[in-house]
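Input: a single structure, listed below in structure tokens.
The values are calculated or read from the model by the stated rules, or taken from the named source; none is laboratory data. From a predicted model like this one, the values you see are computed outputs, not experimental measurements. Note: ideal-geometry Cβ built from the backbone for every residue, glycine included; neighbour counts use all protein chains shown.
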Amino acid sequence: MNRYLLVLVLTTIISGCGELWKHGTIDLGNKPVIVDSYAPQNVHPGEVWKIFIKAADKDGDMKDIVAKISPAGMSFLTYSITPIHEEERGEFAGYLFVKTPPSPYLRGERFQLTIYIRDQEGRKSDSFGLLLHFTGKSEAEFELPEKWQFASTNKLGGIFSDYFVEYVREATSPQE
């Protein structure tokens, strides 16, 4: 009888711990979601590249935007973190900007920008990637699609990276 009582008590304790474990797990359904994004693919060296993003989070706790820059086809070399303003942690639409160096050594080069959003609990949105191609085409020739006009007045912040400057410095330094 004692043996059955012991098994019953242990079973109850173990199943109770299982219920506690379920409540302590991260709900992946509440991770931030990048609803849409847009950026021109071609930029003239020295101009500002704008990346438009629309995002939402059901529980309203988005924390920051992480951007990684690398040469196209390679793993990331540098990243930038842009905090999300408190009033926009549930939903936002706006743009990030990247100031590019005015160097002819960038012309013809391609870079990959990967972006994702993190929330207060450490959950990450799915990432998206954009290709940046430095060409002779001017930003002035770029016309923002009408569906993104509403976001053009909300500057989310800059993607500050010295990667482009280092890339130019490497390209212009004397070879040994």
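Brief remarks follow.
- Of residues in the stretch 51-64 being part of a strand (DSSP E or B) and touching a Lys or Arg at 6+ places or on another chain (Cβ under 8 Å), the one surrounded by the most Cβ atoms within 10 Å (Cβ to Cβ): M62
- Residue within the stretch 75-84 that is part of a loop (DSSP other than H, G, I, E, B), more than 30 Å from G136 (Cβ to Cβ), modelled with pLDDT of 90 or more and over 15 Å from the mean Cα position of the chain (by Cα) present: no
- Checking each residue of the stretch 13-35 against the condition of being under 19 Å from H133 (Cβ atoms), part of a strand (DSSP E or B) and at pLDDT 90 or above gives no match.
- Applying the condition of being modelled with pLDDT of 85 or more and assigned to a helix (DSSP H, G or I) to the stretch 126-167 and asking which residue is surrounded by the fewest Cβ atoms within 10 Å (Cβ to Cβ) yields E146.
- Flag if R123 is at pLDDT 80 or above, more than 19 Å from R89 (Cβ to Cβ) and among the basic types (K, R): no
- Residue check for A93: out of contact with any Gly (no Cβ under 6 Å at 6 or more places or on another chain) and under 17 Å from A55 (Cβ atoms): yes
- Test: K99 is touching a residue at least 12 places away in the same chain (Cβ under 8 Å) and surrounded by fewer than 16 Cβ atoms within 10 Å (Cβ to Cβ): yes
- Residue check, P83 of a type outside the set (S, T, N, Q), within 24 Å of K31 (Cβ to Cβ) and in contact (Cβ under 8 Å) with a residue 40 or more places away in the chain: yes
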